[in-house]
Amino acid sequence: MRLIDHHVHGVSTAELDQAGIESLLSESSEPAPPGTSAFDTQLGFAVRRWCAPLLDIDPLAPAPDYVRRRVELGNAEVTRRMLGAAKVDTWLVDTGYQSDAVTSPAELGQLSGTKALEIPRLESIGEQVARSGVTAGRFGDEFTAAVQQAAAAAVGFKSIAAYRGGLSLDPARPEPAELEAVASRWLSLLDSGGTAGLAGTARLADQVLIRHGIWAALDTGLPLQLHTGYGDADSRLHDADPALLHDFLAASQHTGTPVMLLHCYPYHRQAGALAALFPHVYMDVGEALNHVGARSAAVLAEALELTPFHKMLYSSDAFGLPELHYLGAARFRRDIDRVTTAFVADGDWSPADAARVSEMIGAANAARVYRLSEL
Ligand SMILES: [Zn+2]
């Protein structure tokens with residue numbers, strides 16, 4: 001089954017020890033409490049069940065055995081095995097998070113023998129513009145120009161507005177005067193930090209500036225990905241409910257630019273409702289399928305309740321640990337088969353429809369929305 005992973009990150013370039021592996025099994029920035037393990041989660045069990053055989057050890061081998069074997073093989077060999085076994089057709093790579101700790105899209109493509117395309121983050125682009133020494137009066141135009149320039153090499157954009165003030169965005173495009181006033185405050189804050197502090201403090205967090213970036217991205221026509229739902233502790237879950245985007249989605253509908261709701265869980269039903277209501281809205285439950293492990297087919301079935309079949313996409317949201325790139329793909333192939341086979345068994349779907357919908361969600365919807373065949 002052909003798969004396009006429309007939201008994924010690179011794999012770790014460091015040799016991972018037990019603590020490093022466990023940290024990548026959790027969205028928490030804190031390790032599991034003393035005497036416990038991040039492997040004691042649905043995700044940890046799923047890694048032991050599905051990834052252990054690729055390391056030549058028994059499925060569900062105890063976590064210490066898994067870690068020992070992984071360290072013995074080394075990161076490069078584990079990466080080669082996992083990425084190869086994932087058999088993903090194309091990766092659309094988010095390059096905005098800890099990009100110095102993981103492979104670039106080109107490296108990920110090389111390691112997997114798969115096409116890898118870039119999805120830059122709007123907040124990172126805005127921060128680069130701020131670090132260039134731009135004046136407040138020019139910031140808006142320079143930000144727009146940088147987004148347009150990035151569009152030439154990108155297949156879409158991503159915003160983490162959910163992490164920077166939440167998704168209850170004012171839907172309007174900011175006025176130039178408002179933009180300049182906010183940019184002026186932010187840039188002078190950066191200046192007072194001195195050049196040395198600039199790189200560390202240039203965090204684009206004001207919603208006016210974020211909205212400007214979002215509208216500049218919508219103007220390019222490239223799909224705009226928005227983080228929603230479950231993420232790390234930097235985002236407040238209640239601010240990441242995609243239903244908060246209703247007014248923004250209504251205001252952006254006329255652009256026709258696709259808006260891709262990422263992750264969505266535990267609000268995947270809300271996301272499905274938005275995808276059903278707004279013609280330009282799409283969703284995925286990628287990240288959740290890895291994290292909920294043995295319950296992944298149930299979550300996928302819930303996401304399929306209301307989401308039109310031409311509006312759902314596959315992703316893994318894998319970051320750092322190549323096991324997650326493999327696990328996402330292997331589990332999605334199994335889950336979509338299980339869920340649609342049950343519909344057929346109940347007499348609700350035909351086998352031909354089940355096959356067609358699986359292909360749409362696995363690859364065809366992404367190929368169409370990101371216009372991948374034109375590349
Ligand atoms: Zn992600």
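If you check S99 against the conditions, is it within 16 Å of the ligand (Cβ to nearest atom) and under 24 Å from L262 (Cα atoms)? Against the criterion (within 16 Å of the ligand (Cβ to nearest atom) and under 24 Å from L262 (Cα atoms)), S99 qualifies.
Going by the conditions given, is A76 outside any loop (DSSP other than H, G, I, E, B), small (G, A, S) and free of Cβ contacts under 8 Å to residues at least 60 places away in the same chain? Quick ask: steps written out before the conclusion?
Details: outside any loop (DSSP other than H, G, I, E, B): yes; small (G, A, S): yes; free of Cβ contacts under 8 Å to residues at least 60 places away in the same chain: yes.
Spelling it out, A76 is indeed outside any loop (DSSP other than H, G, I, E, B), small (G, A, S) and free of Cβ contacts under 8 Å to residues at least 60 places away in the same chain.
Out of curiosity, is V182 farther than 24 Å from D317 by Cα, among the β-branched types (V, I, T) and either within 16 Å of the ligand (Cβ to nearest atom) or under 25 Å from the mean Cα position of the chain (by Cα) (or both)? So that I can check it myself, show each step before the final result.
Values: farther than 24 Å from D317 by Cα: yes; among the β-branched types (V, I, T): yes; either within 16 Å of the ligand (Cβ to nearest atom) or under 25 Å from the mean Cα position of the chain (by Cα) (or both): no.
Answer is no for this residue.
Please verify whether the range 288-300 includes one or more residues that are over 24 Å from R70 (Cβ atoms) and β-branched (V, I, T). Looking through the range 288-300, at least one residue is over 24 Å from R70 (Cβ atoms) and β-branched (V, I, T).
Please state which one of A250, A217, A202 is open to solvent by 10 Å² or more (accessible area, probe 1.4 Å), more than 16 Å from the ligand (Cβ to nearest atom) and either aliphatic (A, V, I, L, M) or under 30 Å from R371 (Cα atoms) (or both).
Details: A217 fails: open to solvent by 10 Å² or more (accessible area, probe 1.4 Å); A202 fails: open to solvent by 10 Å² or more (accessible area, probe 1.4 Å).
Being open to solvent by 10 Å² or more (accessible area, probe 1.4 Å), more than 16 Å from the ligand (Cβ to nearest atom) and either aliphatic (A, V, I, L, M) or under 30 Å from R371 (Cα atoms) (or both) holds for just one of A250, A217, A202, which is A250.
Of all residues in the range 337-360, those that are under 14 Å from A301 (Cα atoms) and part of a helix (DSSP H, G or I) have Cβ atoms under 6 Å from Cβ atoms of residues that are of a type outside the set (D, E, K, R) and open to solvent by 60 Å² or more (accessible area, probe 1.4 Å), 6 or more apart or on another chain, in V344/P351; V357/F309. Residues in the range 79-94 that are within 16 Å of the ligand (Cβ to nearest atom) and part of a loop (DSSP other than H, G, I, E, B): V88 only.
For (1) closer than 18 Å to V8 by Cβ; (2) open to solvent by less than 70 Å² (accessible area, probe 1.4 Å), each residue gets a yes or a no:
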site: A106; (1), (2): yes, no
site: Q110; (1), (2): yes, no
site: S132; (1), (2): no, no
site: D141; (1), (2): no, no
site: A151; (1), (2): no, yes
site: A161; (1), (2): no, yes
site: L167; (1), (2): no, yes
site: A172; (1), (2): no, yes
site: A177; (1), (2): no, no
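In this structure, T41 does not satisfy being surrounded by 18 or more Cβ atoms within 10 Å (Cβ to Cβ) and not acidic (D, E). Residue pairs whose Cβ atoms lie under 8 Å apart, separated by 6 or more positions or on different chains, with the first residue in the range 1-25 and more than 16 Å from the ligand (Cβ to nearest atom) and the second among the basic types (K, R), are M1/R333; L3/K87; L3/R333; L16/R70; I21/R70. Taking the conditions (1) of a type outside the set (G, A, S); (2) in a helix (DSSP H, G or I); (3) open to solvent by less than 80 Å² (accessible area, probe 1.4 Å); (4) without any contact (Cβ under 8 Å) to a residue 40 or more places away in the chain in turn, L54 satisfies each one other than (4). Scanning the range 301-311 for residues that are out of contact with any Gly (no Cβ under 7 Å at 6 or more places or on another chain) and surrounded by 24 or more Cβ atoms within 10 Å (Cβ to Cβ) returns a single hit, K311. Counting the residues of the range 259-282 that are within 15 Å of the ligand (Cβ to nearest atom) and either open to solvent by 30 Å² or more (accessible area, probe 1.4 Å) or more than 17 Å from S296 (Cβ to Cβ) (or both) gives 3.
The values are calculated or read from the model by the stated rules, or taken from the named source; none is laboratory data. Because the structure is predicted, anything quoted here is derived from the model rather than measured. As a convention, Cβ positions derive from the backbone with ideal geometry for all residues, glycine included, and neighbour counts pool all protein chains shown. Surface areas here come from the heavy atoms of the whole protein model, side chains and all, with no ligands, DNA or RNA. Shrake-Rupley method; radii C 1.70, N 1.55, O 1.52, S 1.80 Å.
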